[in-house]
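Have a look at the structure below, then the notes.
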Amino acid sequence: MSELIRSGRIFFLAGEQSGDLHGSLVINHLRQAAPDVVIDGIGGPMMKAAGMHCIHSSDELAVIGFVEVLKNIRHLARILKDVKSWLTKTRPDMVVLIDYPGFNQRVAEIARSLNIHVLYYICPQVWAWHASRVEKITRLINEAVVVFPFEVDIWARAGATVNWFGHPLVGFAKPSGSCDDLRPALKGEAESLISLLPGSRTQEIYYILPELLDAAELILKQRPSTRFLLPVAGAIDDALILPHLKGRNLPITMLRGQTYDAIAVSDLCLVASGTATLESAIIGTPMVVVYRVNWLTSLISKFIIQAEHIGLPNVIAGRRIVPEFIRGDFKASLIAAEALAILNDPQRQAKMREDLDLVRKSLGEPGASRRVAEHIAVRIQELRR
């Protein structure tokens, strides 16, 4: 125990795959900046591989939407109880929360009640809901580390101690090789190549993938030499995907571990709102942003979410630079028509690439995860004095 006290201890919490990625990047750099620190938490395979001791898997938390959370409320309550017990027993110097607002807000309350320093990394986009939610979270945390430059002012106005070190995907979201080298294997002789990115959660596969496949079939009728790629997130089992592909005569290739390669060589991405839209923007591939949840969650969000845009490239640009199809507009016919319009208009593609390049440039320089880790290491030293 004396060794733990001397070296410091941090509890990380990521509730979904994107948080697992960002958490793992920070932990890997933290191992260099503060090699003796003890790291526990909730995360996925990437955070575990980086050296974190997991008390639960983030897969257990990967639910989205109001209704879905209610269905899983007892399970989530049990995990929250375990987190409280762990924090009470180990008393880490710091809790690092990564996105995932609902559950992490409860953890912040517990940590503050135990006088544990709370750092919120990749602050949730609660400004899209209501300004009061930013103020509420600010009261529960000691500091915020945001990933978009425009968020600094939002959180500072709410009274938060806030830092921005750039976006962690800059310099990370890139293909494994040159597009010229990758294209022959992935595109072949196809006139057009489209990547379908339905999301990394089971619910997203259920609600989004079928409509994207319907859109793909409509596109194929108009452009018969089109091929499709389906990069599959690590947390998604093939058994969730294959039934949706059965009976469809689509020239489509499933890929694992090649998401960035697929995005880079594609002429267009049909992509679920979320991290993948930003990855596509950083790589510079034109896209159509889509999203759907169950009807009740959609109805509730329609009255609560105040943001003008849902796609991150549009949010960052402050205007619509890529098309969005959500809620009632999420229809295969509309998505296919927009995709065909983009594919048939080289000037529009070029303009979209220019706008996406401006988005990428606004996100800072590569190395954000390292800078965040160094900040955490310094803060731990300060807390232990």
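List the number of the failed condition for Leu255; all other conditions in (1) over 21 Å from the mean Cα position of the chain (by Cα); (2) surrounded by fewer than 23 Cβ atoms within 10 Å (Cβ to Cβ) hold.
Of the numbered conditions (1) over 21 Å from the mean Cα position of the chain (by Cα); (2) surrounded by fewer than 23 Cβ atoms within 10 Å (Cβ to Cβ), the odd one out for Leu255 is (1).
Does Thr277 satisfy being crowded, with 20+ Cβ neighbours inside 10 Å, outside any helix (DSSP H, G or I) and modelled with pLDDT of 95 or more? Working first, answer last.
Details: crowded, with 20+ Cβ neighbours inside 10 Å: yes; outside any helix (DSSP H, G or I): no; modelled with pLDDT of 95 or more: yes.
Here the answer is no, as Thr277 does not meet what is asked.
Here is a check on your reading of the model: is Glu151 acidic (Asp, Glu), in the same structural domain as His375 (by TED's automatic domain parsing) and under 30 Å from Gln105 (Cα atoms)? Lay out the reasoning, then the answer.
Values: acidic (Asp, Glu): yes; in the same structural domain as His375 (by TED's automatic domain parsing): yes; under 30 Å from Gln105 (Cα atoms): yes.
Answer is yes for this residue.
Select from the range 91-110 the residues that are in contact with a helix residue (DSSP H, G or I) (Cβ under 8 Å, 6 or more places away or on another chain) and in contact (Cβ under 8 Å) with a residue 40 or more places away in the chain and list them in ascending order. Break it down into steps so the answer makes sense when it comes.
Quick first cut of the range 91-110, residues in contact with a helix residue (DSSP H, G or I) (Cβ under 8 Å, 6 or more places away or on another chain) only: 93-103, 105-110.
Matches in the range 91-110: Asp93, Met94, Val95, Val96, Leu97, Ile98, Asp99, Tyr100, Phe103, Val107.
Looking at (1) over 16 Å from Gly199 (Cα atoms); (2) modelled with pLDDT under 95, which one does Ala264 not meet, given that it meets all the others?
(2)
For the range 123-151, give me each residue that is modelled with pLDDT under 95 and of a type in the set (A, V, I, L, M, F, W, C).
Answer for the range 123-151, where residues must be modelled with pLDDT under 95 and of a type in the set (A, V, I, L, M, F, W, C): Cys123, Val126, Trp127, Ala128, Trp129, Ala131, Val134, Ile137, Phe148, Phe150.
How do the helices (runs of 4 or more DSSP H) wholly within the range 1-99 filter down when requiring 1 or more residues that are at pLDDT below 95 and hydroxyl-bearing (Ser, Thr, Tyr): which remain? Walk me through it before giving the result.
On the way: elements: 2-7, 17-33, 45-49, 66-71, 73-90.
Here the list reads 2-7, 17-33.
Assess whether Ser369 counts as being modelled with pLDDT of 95 or more and not in a strand (DSSP E or B). Before the answer, list the steps.
Numbers: modelled with pLDDT of 95 or more: yes; not in a strand (DSSP E or B): yes.
Yes, satisfied.
Let's see how each residue does on (1) closer than 27 Å to Pro210 by Cα; (2) in contact with an Asp or Glu (Cβ under 8 Å, 6 or more places away or on another chain); (3) surrounded by fewer than 20 Cβ atoms within 10 Å (Cβ to Cβ):
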position	(1), (2), (3)
Val315	yes, no, no
Ile321	yes, yes, no
Arg327	yes, no, yes
Leu334	yes, no, yes
Ala337	yes, no, yes
Ala341	yes, no, yes
Pro346	no, no, yes
Ala350	no, no, yes
Glu354	no, no, yes
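Within the range 212-234, can you find the residues that are outside any loop (DSSP other than H, G, I, E, B) and within 21 Å of the chain's Cα centre (by Cα)? Spell out the reasoning first.
At the first step, the residues of the range 212-234 found to be outside any loop (DSSP other than H, G, I, E, B) are 212-222, 226-232.
Those that are outside any loop (DSSP other than H, G, I, E, B) and within 21 Å of the chain's Cα centre (by Cα): Leu212, Leu229, Leu230, Pro231, Val232.
Condition test on Leu218, is it of a type in the set (A, V, I, L, M), surrounded by fewer than 20 Cβ atoms within 10 Å (Cβ to Cβ), in contact (Cβ under 8 Å) with a residue 24 or more places away in the chain and over 30 Å from Asp59 (Cα atoms)? Break it down stepwise before answering.
Values: of a type in the set (A, V, I, L, M): yes; surrounded by fewer than 20 Cβ atoms within 10 Å (Cβ to Cβ): yes; in contact (Cβ under 8 Å) with a residue 24 or more places away in the chain: yes; over 30 Å from Asp59 (Cα atoms): yes.
When the stated conditions are applied, Leu218 passes them.
Would you check which residues across the range 227-251 are in contact with a strand residue (DSSP E or B) (Cβ under 7 Å, 6 or more places away or on another chain), without any contact (Cβ under 8 Å) to a residue 40 or more places away in the chain and not aliphatic (A, V, I, L, M) and list them?
Once the filter is applied, which keeps residues that are in contact with a strand residue (DSSP E or B) (Cβ under 7 Å, 6 or more places away or on another chain), without any contact (Cβ under 8 Å) to a residue 40 or more places away in the chain and not aliphatic (A, V, I, L, M), the range 227-251 yields Phe228, Pro231.
The values are calculated or read from the model by the stated rules, or taken from the named source; none is laboratory data. Everything numeric here is computed off the predicted structure, so don't read it as measured data. Backbone-built Cβ (ideal geometry, glycine too); neighbour counts: all protein chains shown.
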